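What follows draws every value from the coordinates through simple rules; no lab data is involved. None of the values given here were measured: they were computed from a predicted structure. So basically every Cβ, Gly included, is an ideal-geometry build from the backbone, and we count neighbours across all protein chains shown.
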Amino acid sequence: MRIRASVRDGVTEAKVLMQHPMETGLRKDESGALVPAWFITEVTATHQERVVLRAQFGTSISANPYLAFHFHGGKPGDRIVVSWVDTKGDRRSDEATIA
Amino acid sequence: MLAATACAAFATHADAADSALDARFRQMLLDDFRARGVAGMDRLDQDDVQKLCTDTRDRPRGAAVQALLKHQQELIRWPEDGRFLGDWRAGEKLAQEGRGMTWADRPGGPTGGSCYGCHRISPAEISFGTIGPSLLHLGRDRGSSPQMQRYVYGHIYNAKAYNLCSYMPRFGTSGALTEQQIKDLVALLLDTDSPVNRP
Amino acid sequence: MRRAFLHAVGIVLAVILAKPAGAGGDEDVQDTSAGIERYRQMLGEANPAELDEARGEQIWKTAAGPAQATLERCDLGLGPGVVKGAYAQLPRLFADTARVQDLESRLITCMMKLQGIAQADIVAKPFSTSTVRSDIEALVAYVTAQSRGMPMHVPLDEPQERQAYSLGERLFFYRAGPYDFSCASCHSQDGRRIRLQELPNLTTKAGARHAYTTWPAYRVSQGLFRSFQWRLNDCFRQQRFPEPVYGSDATIALTLFIAANANGAIYNGPGIKR
């Protein structure tokens, strides 16, 4: 994941680019076979261990999802952690500091 | 005299350089392309029209043009029943269909005219190209007389018979579209019931 | 997937434009193009090409092949290992291979010479599919990103470079195949598009500059990063030509023709495309 966060006037803007094929389970591959569903189901973002965003992703989210969000508070140097879980039970977590 | 000799010498040198480049170019085509699927290497052989249009950057001039236009006209196979209007609904599907004749298409697979790639046609379709002129309201504006039907049929069959270096493919002579398919496209453009011509 | 994408764009446009639908004239067409451009700007910082850049950098620095070497001594024209600014001066003549080479063929050279990987293995499947990722395409993302913000300056000093330009120009105008297409059929006029895809006029400086500086790019409709060799390959496919050999002189000559026409432009890639 690429995470960028910056704060202005007491509001932090975080932008996250996730790498994930986000297969809906409805797509057919080159040979005509259905590609099994495989997508992120839940995204959680924390600021200094406080949950600031919880999202439920599904089949309507595109591959390599991009998520931008804002929250009150935060100052340069603070830690932001973004985690996701997918339909296979795989997890990923990345962190960044607010610029 | 000296100038003429110098000119001749320069011309010879330029010709030599050109023909060396020609040879290099031809060899490059042979070495750097390969047949795949239905796309064979014979596709890189140019016919007389392709050659003239390439050499003149699609701006041909002179007597050769008339002769070639005449020859291209002779290549058109007109329908034996003398009828040109097919089914416009089938025509719309053909106009939307962009597949056919690439190395990724299986032989006998769906083949269309890909008409919307270059033309505006039906009012409802906003995803149209602008390489060719708009055909919206064609029948309404230019009429649907037998002469007009014949013209449109001929144009789809072999656009080069009307405009030698046209960017439009020769759908009939290349075998991309059948007689019935071309008739369906004529109907799309000229039938009074076609959405192309409805108010 | 492409239809779904276009449908989604349609919805976004409907929201942005909030105009009554109807069979309008050119204004509808302009609004559509402007809407798509605005959508692209909105995606500006969300370019998944960054993920390929990161992967490419990792591959560049990872030992591989029988020689178990990294690519960190690869010479892209500015000296061994110099990546910054390298893309902006490609394609160009290389003394060690005595060939004019683009980025992709140069990466093949380095993978062969430094890492000992067989050419056949590298070019067997050079383009990513949804299930198999191409290493070369990731490396392209990494290297091109290192030229971001720099002016294009493809050299035409050597006779071989000038000859490549002439050969590329000839190929650009070569009409052939059952559809009589050349590159020029689509790319030699201003203001044209195929369906809703605008077509740059590659015979003019302005057109070449705009087009060449936005490739390679992440192709949203495919969910994959695409290189310039891929772009040429898919063009020839749609032209109904036989397939160009990956990294061949013909593809390099054509690339050089377009890149040299783009000289002076600031390189903006990797880009993002429909």
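Data for the structure
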{"item": "10 Å Cβ neighbours from other chains, averaged over peptide B:36-49", "result": "4"}
{"item": "Residue among B:135, A:58, B:19 farthest towards the positive dipole end of the protein assembly as shown, charges placed on Cβ", "result": "A:58"}
{"item": "Likely footprinting exposure, C:257, A:71, C:225, fewest C-beta neighbours within 10 Å first", "result": "A:71, C:257, C:225"}
{"item": "Net charge over other residues, Cβ less than 10 angstrom from the Cβ of residue A:84 (K, R count +1; D, E count -1)", "result": "-2"}
{"item": "Radius 12 Å from Cβ of residue B:116, net charge of other residues (Lys, Arg +1; Asp, Glu -1)", "result": "+1"}
{"item": "Residue among C:49, C:145, C:103 farthest towards the positive dipole end of the protein assembly as shown, charges placed on Cβ", "result": "C:49"}
{"item": "Dipole of the protein assembly as shown [Lys/Arg +1, Asp/Glu -1 at C-beta], most positive-end residue of B:155, A:19, A:93", "result": "A:93"}
{"item": "Shape of chain C, Cα gyration tensor, a/c cut at 1.5", "result": "prolate"}
{"item": "Given A:28/C:125; A:15/C:84; A:28/C:113, the pairs whose alpha carbons are separated by over 29 Å", "result": "A:28/C:113"}
{"item": "DSSP-loop GluC sites (Glu not before Pro) across region B:85-132, with at most 15 other Cβ within 10 angstrom", "result": "none"}
{"item": "Shape category assigned to region A:17-99 from the gyration tensor of Cα positions, a/c cut at 1.5", "result": "prolate"}
{"item": "Estimated dipole of chain B in Debye, rounded to 20 [Cβ of Lys and Arg +1, of Asp and Glu -1, Cα centre]", "result": "300 debye"}
{"item": "Tilt relative to chain C, helix C:159-172 - C-alpha long axis, 0 to 90 degrees, to 10", "result": "30 degrees"}
{"item": "Rounded tilt (10° steps) of C:249-261 against the dominant C-alpha axis of chain C", "result": "60 degrees"}
{"item": "Relative contact order computed over chain C (Cα-Cα under 8 Å; 6+ residues apart), in percent", "result": "23 percent"}
{"item": "Across chain C: Cys residues that no other cysteine approaches within a C-beta distance under 4.7 Å", "result": "C:183, C:186, C:235"}
{"item": "Amide hydrogen neighbours beyond the local backbone of residue C:64, cut-off 5 Å, H modeled", "result": "C:69, C:70"}
{"item": "Cα shape, the protein assembly as shown, gyration tensor, a/c 1.5 rule", "result": "oblate"}
{"item": "Helical segments meeting 15 Å axial Cα length and Kyte-Doolittle 0.5 threshold in chain B (DSSP H)", "result": "B:179-190"}
{"item": "Student exercise, region B:32-150 dipole from Lys, Arg, Asp, Glu Cβ charges, in Debye to nearest 20", "result": "220 debye"}
{"item": "Residues of type lysines that residue B:160 reaches as a straight line, Cα spacing below 16 Å, ignoring anything fewer than 8 places off in the same chain", "result": "B:51, B:70"}
{"item": "Net charge of neighbours whose Cβ lies under 12 Å from the Cβ of residue C:114, counting Lys and Arg as +1 and Asp and Glu as -1", "result": "0"}
{"item": "Candidate lysines for bridging to residue B:93, where Cα separation is under 18 Å - those fewer than 8 sequence places away on the same chain excluded", "result": "B:183"}
